[in-house]
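Notes to accompany the following structure.
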Amino acid sequence: MFQNIKEDLNNAMQRDPAARNKLEVFLTYPGVHAVWNYRICHWLWNHNIKLLARSFANRARRRTGIEIHPAAKIGKRFFIDHGIGVVIGETAEIGDDVMLYHNVTLGAIRFMHGKRHPTIGNNVTIGAGAKILGPINVPDGAKIRFNQVVLNDVYIGDKEVTYDI
């Protein structure tokens, strides 16, 4: 657990040029706090303590402005910068080394059972205000520009990995 905390602090220092020191990140970064809370809630969820997991997740949402469902699957070195308004749905899957900015939604487009949220690959950056909706795939290395609405699988082009509508 302490190794994960150290890794998250180092990740924040690398990804955010405004981060001055690890103590500041530890005490004041809501994106880091939301991820730490998620990891506890996810453990509870996987051990069938679902009501407590949802209760803790709701508390974290009120404190950070970031909503992450405890059943979502999130990889290592996940960073949320300026996280207000981030929503990550129940069946979302996020790879390693992913960065989200504020107001990003990884959501569903309709009521249905089963997989209904996006799968995000490794080393992906998703810009502020982007909405990635439905059971779609975003490949490794993709960069989703700010305010984009993505409703279909993202394919990497010859020169650039940025999704444009």
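Taking the conditions (1) among the basic types (Lys, Arg); (2) more than 21 Å from Lys6 (Cα to Cα); (3) under 10 Å from the mean Cα position of the chain (by Cα) in turn, Arg59 satisfies each one other than (3).
Quick check on my filter: what residues within the stretch 112-129 are open to solvent by less than 20 Å² (accessible area, probe 1.4 Å) and in a loop (DSSP other than H, G, I, E, B)? Spell out the reasoning first.
Keep residues of the stretch 112-129 that are open to solvent by less than 20 Å² (accessible area, probe 1.4 Å), which gives 117-118, 120-121, 124, 126-127, 129.
Scanning the stretch 112-129 gives His117, Pro118, Gly121, Val124, Gly127, Gly129.
Across the stretch 1-46, which residue is nearest to Val86 (Cα to Cα) among those that are in a loop (DSSP other than H, G, I, E, B) and open to solvent by less than 100 Å² (accessible area, probe 1.4 Å)? Only one residue fits best here, namely Tyr29. Within the stretch 65-88, the set of residues being part of a strand (DSSP E or B) and farther than 9 Å from His42 by Cβ comprises Glu67, Phe79, Ile80, Val87, Ile88.
Residues of the stretch 47-68 that are out of contact with any helix residue (DSSP H, G or I) (no Cβ under 7 Å at 6 or more places or on another chain), within 25 Å of Gly129 (Cβ to Cβ) and surrounded by 14 or more Cβ atoms within 10 Å (Cβ to Cβ): Arg61 alone. The condition of being part of a strand (DSSP E or B) and either open to solvent by less than 10 Å² (accessible area, probe 1.4 Å) or not charged (D, E, K, R) (or both) holds for only one of Ile109, Ile132, that being Ile132. Here is the figure for the stretch 135-156: residues that are assigned to a loop (DSSP other than H, G, I, E, B), open to solvent by 40 Å² or more (accessible area, probe 1.4 Å) and over 17 Å from Asp97 (Cβ atoms) total 8.
The values are calculated or read from the model by the stated rules, or taken from the named source; none is laboratory data. Given the structure is predicted, the values throughout are model-derived calculations rather than measurements. Cβ coordinates were reconstructed from backbone atoms using ideal geometry, including for glycine residues, and neighbour counts include every protein chain displayed. Please note that ligands, DNA and RNA were not included when accessible areas were found on the heavy atoms of the full protein model with its side chains. Shrake-Rupley method; radii C 1.70, N 1.55, O 1.52, S 1.80 Å.
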